[in-house]
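Student: Below is one structure. I have some questions about it.
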Amino acid sequence: MYVCGVTSYDYSHIGHARAYVAFDVLYRYLKYLGYEVVYVRNFTDVDDKIIRRANEQNEEPKELSGRFCQEFLRDMADLQCLLPTHQPRVTDHMEQIKDMIAQIISNGCAYAVDGDVYFSVDNFPKYGILSGRKLEDNRAGERVAVDSRKRNPADFALWKFKNVREAVCHCAGCKARGATMGQPLGSRETRMAHRVQCHECSLLAHTFDIHGGGMDLIFPHHENEIAQSCAACSQSKVNYWMHNGFVTANDEKMSKSLGNFFTIRQVTESYHPLALRYFLLGTHYRSPVNYSISQIDIASEAVFYIYQTLQDFEDTLSALKQESEANSKPSRISQAAQESIKKIKECIIKLHNEFETKLGDDLQTQPILNAALLEALRFMNNSKKQQKQQQLATADSLICLKEEVVKVLDVLGLHSSSTYTEVLQQLKDKALKRALLTEDDILHSIEERTLARKNKEFSKSDEIRSSLATKGIALRDIGNGTIWRPCVPVVQQEQQGVPLPQEQPSTPAQQENPPLPAEKL
């Protein structure tokens, strides 16, 4: 399994997160099914963009690219993406790339002009097999200047003779991307066209099972990659191509020029990384996903609900264990308990079957989050309300249900290695940061509200509660006390730019640990 990696010159954005979370789920699911998976994801660590950025910052390109490789790995760890089997860097595979180019020339599918090397699409009849595009559909000169030295305007560059400090590479049909070299294919400085590296950095055989990347890579990047690979070796083959959809922001294409471009780091400064992962899994990987603050708020509340349910379940089990040890006398299982056990077993079977069926059918994550998993969490959450005898009778079945839930969360990458308590506290800390409040501020508001209620100043009490709700803080009256938890803010305000506290949206939950409606998930 090979997935196109990042060009390491800046922090990765949520479009990158979309791709690598999707393929991480695929990786996890294949391992869950028992496959031995070799997962390769490369780094483009020498490139025109890297050179340009390094020049701007008066930094060595290798140092800059190495730094952003590490920043990318930090983001992936935050999003709970498993490390691939191999993470090759382009600079480690220059000799293999040169050999591949030489083989393409030898096979008559590439030619050299003034030190540049171009792939000849006329000599590769299958060109367009992936994208379905025909050569006549490509309008010469639309994206880059036409090079009169080419035999066909659609021919694309494999190597370009350029001074390494120039930040332009005229690769036909794609935006400038390349790698510098000392003396490849001759005695002059040249640059490699970016698309060559995918084949040689895959570390796989001529045939590999799955090749992944964003939909924007289908043409020309992956189309050209097929042409090169097959021109170099006729046995080259990819069994399955998988491409993830685009990310938009507030229903507009995400771009730096529009000011709606978010890095992973910007989002996770304000939201737990699990909230971003949950949000990305809420849409089928091939469909476009619209990033908005209201949606990430809803995802954050959903993650809190999951972990609060798991924590409450653990607390209930701990109390039941003590009860069971104190009372060694076996109790008779009531009819109600038997019915409850039956429903729990049905819930386990349903969750297991839907999990495998949906993920097995083109990696559908969204129905799992919206239906079977939600139902299982509700069962666990409602177990707190049962009478003690019924809880004792159904405990073993509920434990099995919890294990199935955790297994599903593991494959989806939503089950943290941290404790439930730690994750809940992390989510609360992020909520406080977004609200520009401290926990002491909230405790002071709770005291004020308690005093107002005692004095029958109910309008003041409601005002305090509503004020906090607009900031994403929900108060819950439990017994004689009041607790707080994060919620979707009451006031919805969608603004462009980095998610900031004043930009938060939606509606507070109505009860402690409420089951979220399927449409919200």
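Student: Going through the range 19-105, which GluC sites (Glu not before Pro) have at most 12 other Cβ atoms within 10 Å and a DSSP loop state? Mind dumping the intermediate values first?
Tutor: Working: sites: Glu36, Glu56, Glu59, Glu63, Glu71, Glu95; in loops: Glu36, Glu59.
Passing both the DSSP loop test and the Cβ count: Glu36.
Student: Of the options Gly5, Gly34, Val21, report the single residue whose Cα projects farthest towards the positive end of the charge dipole of the range 1-47 (beta-carbon charges: Lys, Arg +1; Asp, Glu -1).
Tutor: Gly34
Student: Let me check I've understood the local charge: for Arg265, count other residues with C-beta under 10 angstrom from its C-beta, Lys and Arg +1, Asp and Glu -1. What total comes out?
Tutor: Values: positive: Arg74; negative: Glu71, Asp75, Asp78, Glu269.
In short, -3.
Student: Taking K and R as +1 and D and E as -1, what net charge do the other residues with C-beta under 15 Å from the C-beta of Lys358 add up to? Mind showing how you got there, number by number?
Tutor: On the way: positive: Arg28, Arg286, Lys350, Lys407; negative: Glu354, Glu356, Asp361, Asp362, Glu375, Glu404.
Once all neighbours under 15 Å are counted, the net charge is -2.
Student: Here's a follow-up. Convert 20 °C to kelvin, take the viscosity as 1.002 mPa s, use the Kirkwood radius over C-alpha pairs of the range 348-504 as Rh, and evaluate the Stokes-Einstein diffusion coefficient in µm²/s, rounded to a whole number. Provide the component values of the computation, followed by the final result.
Tutor: Details: Rh = 18.7 Å.
Translational diffusion coefficient: 114 µm²/s.
Student: Tell me, what is the FRET efficiency for Asp362 and Leu451 to the nearest 0.05, using R0 = 51 angstrom and their Cβ-Cβ distance as r? Please list the in-between numbers first.
Tutor: Values: r = 57 Å, r/R0 = 1.11.
The pair Asp362/Leu451 has a calculated efficiency of 0.35.
Values in this text are rule-based calculations from the coordinates and carry no lab data. Computed from a predicted model, the values in this text were never measured in an experiment. All Cβ positions, even for glycine, are placed from backbone atoms using ideal geometry, and neighbour counts span all protein chains on display.
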